[in-house]
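Okay, structure first, notes after.
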Amino acid sequence: MIKKIILLVSVFLLLSVAGCTKKSVEEKIGIRGEIVEVSLDDNSKIIGILVEGNLEQDTQHDKASVFIGEKTKIYDKDTKEELEKSDLKKGTKVEIIFEGPVRESYPVQADAKTIKIIKQVDPIAEKINTMTLDEKIGQMLMVGVDGYNLSDNSKKLIREHKVGGFIIFDENVQSTEQLLNLVNSLKKENADNKIPLFFSLDEEGGKVTRMPKEFKRFPTNKAIGQINDKDFSNKIGRTIANEIKSFGFNMNFAPVLDVNSNPKNPVIGSRSFGVNPDIVSSLGVETMKGIQSENIIPVVKHFPGHGDTSVDSHVGLPTVNNDLDRLQSFELIPFNKAIENGADMVMIAHILLPKIDSENPSSMSKTIITDILRNSLRFDGVVITDEMTMGAIIKNYNLGEAAVKSVNAGTDIILVGHGYNNEIGVINALKGAVSNGEISEGRIDESVYRILKLKQKYNLKDEIINSVDINKINNKIKTLLDIYKIS
């Protein structure tokens, strides 16, 4: 009996020790949370992540700067499938087991031993999975309209090709009533489609305006730059946005972030805030924020800088012999500041920079769009080309081939503002490129994801607007300009 008791006690002790041993070696989660920043080395490889969430350590901190080494294991928490560093993206939910002790700082620093990615249902990704290739490519097209009214061509582009948006030019504007009816008719035509449309225009102020003649004009950016008041620029952006929103527009191709460094420039001039990149940055960013405050999408332009050209890209292809060092110290400064301040969308210029890419204009250059804009400046928003039937492209390249090259370079939206046959040609070229493997459908999905994410962020809806109060808008403009004694 005593032997049996001793044996049972021994077994109990062994099990207890085994349990303690197992518990003592069990790896503890260092932090659970969301990746808010990804750090890259000079070769654009991920070397670290900033995670915000709950630390399991005895600390008051809520963030951890986590270093990722060659031995760090990354896998899906549920499936146990091993993943790559490239799967560590901003917004991803993770659980991280630390290697060694946490180094106290703010945020705390630690080395990652194991990273478990917590997969969550992504409604945008789920939506893309239900879309046909035609619907996806349609979202990547911004097209123009014929004349003053809803045309059969516009109906076909909406019904058959599911285009993602429209741009309105001067030739489409006759009066306030007509413009409102045009926008409303496009919205009604899109009623059966589940994805709302982008409605865009160039409303920069000064000579570049698409508003009917009944509206008071805004000053040029050059005049605003001479005043050099950030609050004024913000209010200008807000007031312009309020004006175009009254017609149902949700996107403005503004502000211009080009530095007007070339006095012989035939196309920028007074459209720029000035010759100083710091002033252009400051006022451009405030204008952008003002536009955003009215729930209008601003599109900063013309990346990587159109200010040092001597040829109008509407007519021909400008060549600028500046190298990357020059761009980084001058032209890119305003774009970098805009990106740091939450730019949603960037327009790419049709200019050739032979010291950076000797073969391709910026709008078709992977070096410009992917290497510089996306990787170096870390822009993860929507990229759109400048209008593709401009002389810079149409006189030098096949339009369909140029569109395919632009998408492979990193563009999300091809802007084709003139000619139904041009618009259909680009759609067919992109479909053909996917069919023959020149563009992967995964590459198409990347762009569609960014486009749908932006439409979701701004909660776009094809809502009908019944009327526009011209006097109310003009009084707002006049009141703002009177403060700064601008007639």
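The values are calculated or read from the model by the stated rules, or taken from the named source; none is laboratory data. Bear in mind that the values here come from a model prediction, so they are computed numbers and not experimental data. Heads up, the Cβs are rebuilt from the backbone with ideal geometry, glycines too, and the neighbour counts pull from every protein chain shown. In case anyone asks, the SASA skips ligands and DNA or RNA and just uses the protein heavy atoms, side chains included. Shrake-Rupley method; radii C 1.70, N 1.55, O 1.52, S 1.80 Å.
Inspect all residues belonging to the range 238-246 and state whether any of them is acidic (Asp, Glu), surrounded by fewer than 24 Cβ atoms within 10 Å (Cβ to Cβ) and in contact (Cβ under 8 Å) with a residue 40 or more places away in the chain.
Within the range 238-246 (the criterion being acidic (Asp, Glu), surrounded by fewer than 24 Cβ atoms within 10 Å (Cβ to Cβ) and in contact (Cβ under 8 Å) with a residue 40 or more places away in the chain), the answer is no, since none of the residues qualifies.
Taking helices (runs of 4 or more DSSP H) that do not extend beyond the range 121-229, which have at least 2 residues that are in contact with a helix residue (DSSP H, G or I) (Cβ under 7 Å, 6 or more places away or on another chain) and over 30 Å from Pro266 (Cβ atoms)?
123-130, 133-139, 152-159, 176-189
Give the number of residues within the range 368-384 that are within 14 Å of Leu327 (Cβ to Cβ) and assigned to a helix (DSSP H, G or I).
Matching residues across the range 368-384 total 6.
Would you mention how many residues in the range 352-396 are more than 20 Å from Thr309 (Cα to Cα) and open to solvent by 20 Å² or more (accessible area, probe 1.4 Å)?
Here the count works out to 9.
Please find, among Ile29, Ile46, the residue that is surrounded by 14 or more Cβ atoms within 10 Å (Cβ to Cβ) and at pLDDT 85 or above.
Ile46
Going through Leu157, Leu197, Leu179 one at a time, which residue ends up being under 22 Å from Ile297 (Cα atoms), touching a strand residue (DSSP E or B) at 6+ places or on another chain (Cβ under 7 Å) and in contact (Cβ under 8 Å) with a residue 40 or more places away in the chain?
On inspection, the qualifying residue turns out to be Leu197.
Looking only at the range 458-471, decide whether some residue is modelled with pLDDT of 95 or more, surrounded by fewer than 18 Cβ atoms within 10 Å (Cβ to Cβ) and aromatic (Phe, Trp, Tyr).
yes
Given the criteria more than 17 Å from Thr411 (Cα to Cα), at pLDDT 95 or above and either open to solvent by less than 40 Å² (accessible area, probe 1.4 Å) or not in a helix (DSSP H, G or I) (or both), does Ala343 qualify?
No, not satisfied.
Looking only at the range 256-271, how many residues end up being under 16 Å from Pro334 (Cα atoms) and either among the hydrophobic types (A, V, I, L, M, F, W, C) or open to solvent by less than 20 Å² (accessible area, probe 1.4 Å) (or both)?
Number of matching residues: 5.
Find the residue count for the range 160-176, including only residues that are in contact with a Gly (Cβ under 7 Å, 6 or more places away or on another chain), without any contact (Cβ under 8 Å) to a residue 40 or more places away in the chain and loosely packed, with under 15 Cβ neighbours inside 10 Å.
Selection size over the range 160-176: 0.
Return the pairs, sorted by first residue and then second, in which the second residue is acidic (Asp, Glu) and at pLDDT 95 or above, the first residue lies in the range 290-303 and is under 19 Å from Lys455 (Cα atoms), the beta carbons are less than 9 Å apart, and the residues are 6+ apart or on different chains.
Gln292/Asp344; Ile297/Asp344; Pro298/Asp344; Val299/Asp344; Val300/Asp344
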